[in-house]
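Novice: My questions will all concern the structure given below.
Derivation of every value follows stated rules applied to the coordinates shown; laboratory data play no part. Note that the structure is predicted; figures quoted are calculated from it, not measured. In this analysis, Cβ positions are derived from the backbone assuming ideal geometry, glycine residues included, and neighbour counts consider all displayed protein chains.
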Amino acid sequence: QVQLVESGGGLVQPGGSLRLSCVASRIIFSSHTMGWYRQAPGKQREFVATFTNRGSTNYADSVKGRFTMSRDNAKNTVYLQMNSLKPEDTAVYYCKAQGPIGAYWGQGTQVTVSS
């Protein structure tokens, strides 16, 4: 079955940086649009960024200029470089793969921004 495994979360001070990774298995990675979403306590899951299989990226307004998403098709991996982190970025971050026959989610990785 399809597996998406996120890593790289943790505790960081405001203004700090983290890089999240998501490794996909058992999918034709290059044919999927990959995305990052997040869910803060008591809130709905929200869009953060996507990287299409054609190479275009899209970001939520709240992270533009601070977060950068990249993908390595040879490694079946996507990354989310997060800079200038704010307390409001605290959430569980989820990786999503959207393909021709369906969507798949990872289990999530916790990011906590606090002093």
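Novice: Any idea which residue in region 18-31 is surrounded by the most Cβ atoms within 10 Å (Cβ to Cβ), counting only those that are in contact with a Gly (Cβ under 8 Å, 6 or more places away or on another chain) and farther than 16 Å from residue 88 by Cβ?
Specialist: Narrowing region 18-31 to residues in contact with a Gly (Cβ under 8 Å, 6 or more places away or on another chain): 18-22, 27-28, 31.
In the following step, the residues that additionally are farther than 16 Å from residue 88 by Cβ were identified as 19-22, 27-28, 31.
Values: 19: 14, 20: 23, 21: 17, 22: 26, 27: 18, 28: 12, 31: 12.
Selected residue: 22.
Novice: Here's something else I'd like to know. Go through 66, 71 for me and flag whichever is surrounded by 14 or more Cβ atoms within 10 Å (Cβ to Cβ) and over 24 Å from residue 26 (Cα atoms).
Specialist: Values: 71 fails: over 24 Å from residue 26 (Cα atoms).
Only one candidate passes the filter, namely 66.
Novice: Restricting the search to region 32-63, which residues are over 16 Å from residue 108 (Cβ atoms) and surrounded by 12 or more Cβ atoms within 10 Å (Cβ to Cβ)?
Specialist: 32, 33, 50, 51, 52, 53, 57, 58, 59, 60, 62, 63
Novice: Still on this structure, I have one more. Could you check how many residues of region 82-115 are within 23 Å of residue 34 (Cβ to Cβ) and charged (D, E, K, R)?
Specialist: Count: 2.
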